[in-house]
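Heads up: the structure comes next, in structure tokens.
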Amino acid sequence: MHKFKTTTFMILAFILLIVALQNTQIATFQLLFWKVSMSRAIFYLILLGIGFLMGWLYCYMKPPNFSRED
């Protein structure tokens, strides 16, 4: 199982590297009153981090599910 996790992680890291290298151009993003200019690769990494954080919060912050067994 450890080898499977390592292989999966390496494949995903390689795909992320390819996406980052192909999206190096500068893009401008506007959110309400803010305008931000940054590389698309950095923007994608920020979105990926936010997604991981939201998934972690969902998993570890939800209330425990108690079931009654009679």
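The values are calculated or read from the model by the stated rules, or taken from the named source; none is laboratory data. Remember, it's a predicted structure, so these values are computed and weren't measured experimentally. Ideal geometry is used to build each Cβ from the backbone, glycine not excepted, and the neighbour counts take in all protein chains shown. Remember, those area values only see protein heavy atoms, side chains included, never the ligands or the DNA or RNA. Shrake-Rupley method; radii C 1.70, N 1.55, O 1.52, S 1.80 Å.
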Within segment 53-70, is there a residue that is touching a residue at least 24 places away in the same chain (Cβ under 8 Å), part of a helix (DSSP H, G or I) and either touching a strand residue (DSSP E or B) at 6+ places or on another chain (Cβ under 7 Å) or surrounded by 10 or more Cβ atoms within 10 Å (Cβ to Cβ) (or both)? no
Residue check, A41 modelled with pLDDT under 90, open to solvent by less than 80 Å² (accessible area, probe 1.4 Å) and in contact with a Lys or Arg (Cβ under 7 Å, 6 or more places away or on another chain): no
Restricting attention to segment 29-37, does a residue exist that is open to solvent by less than 90 Å² (accessible area, probe 1.4 Å), outside any loop (DSSP other than H, G, I, E, B) and modelled with pLDDT of 90 or more? yes
All conditions in (1) surrounded by fewer than 10 Cβ atoms within 10 Å (Cβ to Cβ); (2) out of contact with any Lys or Arg (no Cβ under 7 Å at 6 or more places or on another chain) are true of Q25 except (2)
